[in-house]
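Written out below as structure tokens is the structure these notes cover.
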Amino acid sequence: MPPNLTGYYRFVSQENMDNYLRALDINVVLRKLVCLLKPDKEIIHTGDHMVIRTITSLRDYVMDFDLGVQFEEDLGPVDGRKCQTTVSWDGDQLVCEQLGEKRNRGWRHWLEGDQLHL
């Protein structure tokens, strides 16, 4: 059974973020900005429904979705894209797949102890 990720997770550190964003074809200005932000995450996980709120000093970003159900995600505030997104479990990892104009987009979240990793 996958873990319940409900909680508030404070930013601790980031490693290799610039290279990760470069691999996602994020432009250099946005990459530099993202690397300066120290986002916290608030997750509300109720059954097959999740709300993930990414909290920064610049702007908050909210994902509200049902697990395994594709939805249109508006990433306009992030990088100007819209895509079809599906979030589901792969073992104990929460996996996001984004389909749209750019290939191979998405992320994974998992817990190690009480720390959330992306």
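The values are calculated or read from the model by the stated rules, or taken from the named source; none is laboratory data. Keep in mind that what you see is a predicted model, and the values were worked out from it rather than measured. Using ideal geometry, Cβ is built from the backbone for each residue, glycine included, and neighbour counts are taken over all protein chains shown. For the accessible areas, the whole protein counts, side chains as well, though only heavy atoms, and no ligand, DNA or RNA atoms are used. Shrake-Rupley method; radii C 1.70, N 1.55, O 1.52, S 1.80 Å.
The table that follows gives values for the structure above.
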| read-out | value |
| --- | --- |
| Phi to ³J(HN,Hα) by Karplus 6.51 cos²θ - 1.76 cosθ + 1.60 over the range 46-61, Hz, x for Gly, Pro | 10, x, 9, 10, 9, 10, 10, 10, 9, 10, 10, 6, 8, 6, 9, 10 |
| Residue (of 111, 13, 27) at the positive-pole extreme of the range 13-118, dipole from beta-carbon charges | 27 |
| Radius of gyration, Dmax [the range 7-117; alpha carbons; angstrom] | 13.8, 38 |
| Å² of accessible area per residue within the range 16-101, as computed with a 1.4 Å probe and no ligands counted | 58 |
| Virtual spin-label span in nm between residue 62 and residue 28, 7 Å along Cα→Cβ | 3.6 |
| Cα-centred dipole magnitude for the range 7-117, charges only on beta-carbon of K, R (+1) and D, E (-1), debye, nearest 20 | 560 |
| 222 nm mean residue ellipticity, helices alone, for the chain (DSSP H n ≥ 4; -39,500 (n - 2.57); rounded to 500) | -4000 deg cm²/dmol |
| The range 7-117: relative contact order as a whole-number percent, Cα under 8 Å and 6+ apart | 15 |
| Accessible-area composition of the range 19-107, carbon plus sulfur, in percent [1.4 Å probe] | 52 |
| Nitroxide proxy distance, nm - points 7 Å out along Cα→Cβ at residue 12 and residue 90 | 2.2 |
